[in-house]
Each structure stands twice: as C-alpha cells, then as structure tokens.
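Enquirer: Sharing a structure with you now.
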Amino acid sequence: MFGRTTRRVMTLALVTAFGSACESGTGPEELVTFDAEAALANHEAMSLILQSDAMDGFRALGEGISFQGVSLETGVALAPIISQFRRGKTFVYDPEAGHYVMDSELEGAPPTGVRFILYQPGPDGKPDPAHEVGHADLIDEGDGSAEDIALRLVVVEGTDTVLNYRTTLDIQESGGEITVAGYFQGEFDRLDFDISVTGSSGDDGDRVDISFEMGIEDRDFLIQGSVLGMESDSGEGGEIALLVEHGDDSFQVQATGTDDSISGTVHVNGALFATITGDPDDPTIAGSPGEPLTFIEMLVLRQIIDSAEDVFDFWEDLLDPVDELVLLALIL
C-alpha cells in the first residue's frame, strides 16, 4: 500500500505540479527573499550522502540478503526474532547461491545478532565478493523489548561507523507501525533521521500515515513532514505537510490531492509564495500578481519537493536488509 498510495499522493500534489511550474508560475506581490545558494548547498550535501559509495555498498547489502537459509523463530513475530542458533554468526555473499550464506570460521559477530561482510556493488548492483569494504552487524534488541520487533543495524567501513540505526515494528489489530531512526555519516556531513510509517486497513479502505524528520545539524538544515495516504473504492488521495529549514529561512508546503484535483500552498518565512490548484496533469501555479519566479527560486522549490521523495526512497533502502524479518508485505 505504501508504494501505491503515498507515491501517488506525492505525484498528484507536488512533483507533477512543480514540473510545470517554470512555465506557469508567477511570484507573490510582496518580494519574498531567502538565501537560495545556502539552500541549494544544503540539498547538495544531502545528495552527496545519499549517492555516496558507502550508500551504494549498503544498497548492495540489501540486494544480497535473503533469509531463505536463516532459521528464524517460528510462530507469531514477537521479539526476539533472530534465533539463538544464528546469533553470533557471520555471513558472506555467495554469488552462485545469489545470497548471503553462513561462514562458521569467521568470528567477531555480535552475540545477540549476525554479521554480514560488506562489499562494493558489482555491475548488477549485487555484492562483489572480490571487493570487501567492511561489515554490517544486525543486532536483535528484542530481548525484553516492548516492541514486537527491535533490530539495530550498524555498518562499518574500515574503522569508521557510517550508518547506525534502529528499526522497530509494533503489530496492531488492523495493521502495524514501523520506525527507523539513526544516522548516516557521510564524508563531510552527518545525516540524522527519524521516520515512522503506520499502515491500517478498515471497512472504509486502506490508510498510510508517515511522519519524518531528517537533517544535518551542523548546517542548520532540517526536513520535517507528514503524509497521509488513503485508498478506497472511491479512489486514492491524501495530504502532505512539509517544513524545510535552511538556517533562518523556512519553507512550508501543504497540499491535498485526489485522482482528479490538487490544491496546495507554499509559504516562505511565513509569507505566501505560491499556490497549486487544478488538474493534476496540468496544474496552475500562481502567487499574488507580481514578478515571475526566478530560475533559482524554482530550482530551490524543486529541490524541496524532491527531498520529500528522497525520504521515502531512503526509508525503503533502510528496510531492505531487514524487510523479510519485519514482514513488511503483511503489515503495509
């Protein structure tokens, strides 16, 4: 449900709209100013982290992990989830098998978890055993935990911890809640994140609620947002609220969308900057009568919208190594 509904909301309410805004947008009557260069620099810093070699290696880990050969506790998915038999074991990628397999001779795995040797990705995106770069420890923190599942993943390259985050799952009567929270250390900046996704099903349809916070503290760069996605017999739709802070400048985006229409506003430092209305395939972007938005203003707005999509992509990347454990397909 997450893949269909929430991305549909983003497309309807935001991405499509700003894709055509360069041609149809006009600026607000009162001049709204902000440090565009600083904002673009912040988004570039986040992109460098999300597109780094370390992130590519982590994605390769997700491509290679399969728990077909790992015995998990059977029955109801309650913590702890990694079996005593597998705890303390290390896994290496077997290209012939197409997934990670246990190597009983390797030591150093966490006593309450398992270790995966980390490799650079090959041309197919899967781990290349010829280029080892570090390891990833998947630690079961479910012993005595209130959550149904609690896992921590720590990725180390050389002697540096590049990624450290905790994933939890709470199973509810009509769905479940998944959270991921931690940090990714890039070459120059550290990206902190906290993302929560709740899915539920009822007589009136399916619903996804997403809340997230991501930022680089040293840059005074913060992205906060919430997304509601609904899917029922009458169609799809949803709402999004997004706050992006670049130092003293703040951008607020609020929008609602359905299959047939969108409506939204963009405020900069509390002042109305742009409105979004009309047909999702041909929206109207306008402010108060005045000068057209400049190219750099439109570029910043596009980066802000894309950053929300980056959050969703990042969330999916973080779940890849553990999604079979948290039974994501059954919850959302």
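Where a number appears in this text, it was derived from the coordinates with a stated rule and is not lab data. Because the structure is a prediction, the values reported are computed rather than measured. Don't worry about glycine lacking a Cβ; one is built from the backbone with ideal geometry, like all the others, and counts go over all protein chains shown.
Enquirer: Can you list residues whose amide H is under 5 Å from Gly113's amide H, if they're 5+ apart or on another chain and H is modeled 1.01 Å from N?
Expert: Gly88, Asp140
Enquirer: Quickly work out the Asn164-to-Asp220 label distance, labels modelled 7 Å from Cα along the C-beta direction, and quote it in nm with one decimal.
Expert: Each label point is offset 7 Å from its Cα along the Cβ direction, giving 2.7 nm.
Enquirer: Here is a follow-up. Between Glu132 and Ser201, how many nm apart are label points set 7 Å from Cα along the C-beta direction?
Expert: Here the modelled spin labels are 4.4 nm apart.
Enquirer: A further question follows. Based only on other Cβ atoms within 10 Å, what is the fewest-to-most ordering of Arg152, Arg190? Spell out each step's value before the answer.
Expert: On the way: Arg152 19, Arg190 15.
Taking fewest neighbouring Cβ atoms as first place, the list is Arg190, Arg152.
Enquirer: What FRET efficiency would be calculated for the residue pair Asp320, Arg190, taking the C-beta separation as r and a Förster radius of 25 Å, to the nearest 0.05?
Expert: It comes out at approximately 0.70.
Enquirer: Taking 41 Å as R0, compute the FRET efficiency from the Cβ-Cβ separation of Asp279 and Gln120 and round it to 0.05. Spell out each step's value before the answer.
Expert: Working: r = 45 Å, r/R0 = 1.11.
My answer for the efficiency is 0.35.
Enquirer: Moving on to the next point. If each residue's Cβ is checked for other Cβ atoms within 10 Å, how do Arg207, Arg219 rank with the fewest at the top? Don't skip to the end; give the middle numbers.
Expert: Numbers: Arg207 20, Arg219 17.
Fewest-to-most Cβ neighbours within 10 Å comes out as Arg219, Arg207.
Enquirer: Something else: Want the number for Asp35 to Ala181: 0.36 nm per residue separation, take away the alpha-carbon distance, what's left? Please report the intermediate quantities before stating the final value.
Expert: Details: separation 146, 0.36 × 146 = 52.56 nm, distance 2.95 nm.
Roughly 49.6 nm would be gained on extension.
Enquirer: Compute the convex hull volume of the Cα atoms of region 140-224, divide it by the residue count, and report the result per residue in Å³ as a whole number. Write down the numbers at each step before the final one.
Expert: Details: hull volume 9.1 nm³, N = 85.
Given the Cα convex hull of region 140-224, per-residue volume reads 107 Å³.
Enquirer: Counting Lys +1, Arg +1, Asp -1, Glu -1, what net charge surrounds Asp218 among other residues with beta carbon under 11 Å of its beta carbon?
Expert: On the way: positive: Arg190, Arg219; negative: Asp189, Asp192, Glu217, Asp220.
Summing Lys and Arg as +1 and Asp and Glu as -1 gives -2.
Enquirer: Could you tell me the calculated FRET efficiency between Arg59 and Leu106, based on Cβ-Cβ distance and R0 = 25 angstrom, to the nearest 0.05? Spell out each step's value before the answer.
Expert: Details: r = 23 Å, r/R0 = 0.92.
The calculated FRET efficiency here is 0.65.
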